[in-house]
Amino acid sequence: MRTILRAAARLYPRAWRARYGEEFDVLIDHLTPRWRDVLNIILGALIMHISRLAALPVALAIGGVTLGAAVSMLMPPVYTSSARVLVQLTNGPVDESERVLSIRAATDAVLKQSAIDKKVIAATLDQQFKRDGGLGVTLLDVQGSAGSAPTAKQETEKALGAIMRTNLVASNGQAQNAGLRFTLLELPTLPVTSHRDSTRNGAIGGVLGLAVGGVVVLLARRRKAA
Amino acid sequence: MTHATTWRDTQWHVIAMTDPSLLVLASLANDEKHGYAMMADIRAFAGVDLGPGTLYGAITRLEERGLIEPVQSDDRRQPYRITAAGKRHLNEQLSSLGAIVRTGLRRLREA
């Protein structure tokens, strides 16, 4: 057991071992060995590594998160309007699983064909498929975002219009390929609240801070080694 | 065995809950000690069983902050003593904790 304690003590950073290693080993020699001491030493070594090596990256990451969140707060608010469309497969495979795959592929094709601007509009397929009299159906959430509530609503309406027009085209020419029927379940909303991308920007700031800190620590170590 | 909770008992338990560094400072307050002696002393006066990793984590932090310092010794067991800054820090922390303990106990008696 004492051998394990001594081996655990080797996990401490080299610089720490140079300063405290000998007296720490003497302390271990005087202890009545217990498993909890092994865990305590391993945890102590881990904390020492984090506090010594990661201090700069962690500090920069925290700074990055704060800066990212602060920048987000200074940026204009974003309003998001949403609408919901029921998408049904009017023909196609009889098998349920094949119908689910078919409706996903067909809906994706329609969304692509309607040329929705991904920067402004997010149109996502609801992951939760439902059954409707044996027909595969899905829900299509259409969202439009803009700097004001009315504009966000207009963007959602534009996206809906694009999807519906695609459906009409599909009905006339490519109907047999698409085989979809759209039913508007929820009209585009007029958003009453806004949001900012504080979480995303904070995360980006944190990752950048961590990366910069890591590079600085690596460079400093190389320089010291040289 | 039962005994009434005294101000001193409660204060040490509050310290134990807060920071091993304070326990180390309290252990060194009257005399220099090496690591094993600190562990035994802390176990005796506070009823806290500090692990070796926790003890040396506290010693490292306290030495870096200039609150304790190593004492020249021929013994392989390195003794430490509290510095003047360490005494001031310990006094401030204990005074603050003492106020919390006294207030808490008084309010419990009044309730």
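The values are calculated or read from the model by the stated rules, or taken from the named source; none is laboratory data. The structure displayed is predicted, hence computed values, not measured ones. Cβ: placed from backbone, ideal geometry, glycine included. Neighbour counts: every protein chain shown. Keep in mind that these areas ignore ligands, DNA and RNA; they rest on the heavy atoms of the full protein, side chains included. Shrake-Rupley method; radii C 1.70, N 1.55, O 1.52, S 1.80 Å.
One residue is enough: does the stretch B:42-58 have a residue meeting the conditions out of contact with any helix residue (DSSP H, G or I) (no Cβ under 7 Å at 6 or more places or on another chain), in a loop (DSSP other than H, G, I, E, B), among the β-branched types (Val, Ile, Thr) and under 28 Å from residue A:49 (Cβ atoms)? No: zero hits. Go through the stretch B:23-59 and give me each residue that's in contact with a Gly (Cβ under 9 Å, 6 or more places away or on another chain) and within 10 Å of chain A (Cβ to nearest Cβ). Selection gives B:39, B:51, B:52, B:53, B:54, B:55, B:56, B:57, B:59.
For residue A:76, the criteria (1) in a loop (DSSP other than H, G, I, E, B); (2) over 35 Å from the mean Cα position of the chain (by Cα); (3) not aliphatic (A, V, I, L, M) hold in every case but one, which is (2).
Residue check: is residue B:41 open to solvent by 50 Å² or more (accessible area, probe 1.4 Å) and either in contact with a His (Cβ under 9 Å, 6 or more places away or on another chain) or without any contact (Cβ under 8 Å) to a residue 40 or more places away in the chain (or both)?
Values: open to solvent by 50 Å² or more (accessible area, probe 1.4 Å): no; either in contact with a His (Cβ under 9 Å, 6 or more places away or on another chain) or without any contact (Cβ under 8 Å) to a residue 40 or more places away in the chain (or both): yes.
No: the conditions fail for residue B:41.
State which residue is modelled with the lowest pLDDT when the search covers only the stretch A:173-220 and only residues that are open to solvent by 50 Å² or more (accessible area, probe 1.4 Å) and in a strand (DSSP E or B). For the stretch A:173-220, the residue satisfying everything is A:181.
Does residue A:61 qualify as being hydrophobic (A, V, I, L, M, F, W, C), more than 8 Å from every other protein chain (Cβ to nearest Cβ) and assigned to a helix (DSSP H, G or I)? For residue A:61, the condition - hydrophobic (A, V, I, L, M, F, W, C), more than 8 Å from every other protein chain (Cβ to nearest Cβ) and assigned to a helix (DSSP H, G or I) - is met.
For the stretch A:7-35, the set of residues classified as in a helix (DSSP H, G or I) and open to solvent by 70 Å² or more (accessible area, probe 1.4 Å) consists of A:14, A:15, A:18, A:19, A:22, A:30, A:35, listed by residue number.
Of all residues in the stretch B:87-104, those that are farther than 12 Å from residue B:22 by Cα have Cβ atoms under 7 Å from Cβ atoms of residues that are of a type outside the set (A, V, I, L, M) and open to solvent by less than 100 Å² (accessible area, probe 1.4 Å), 6 or more apart or on another chain, in B:98/B:11; B:101/B:7; B:101/B:10; B:101/B:11; B:102/B:7.
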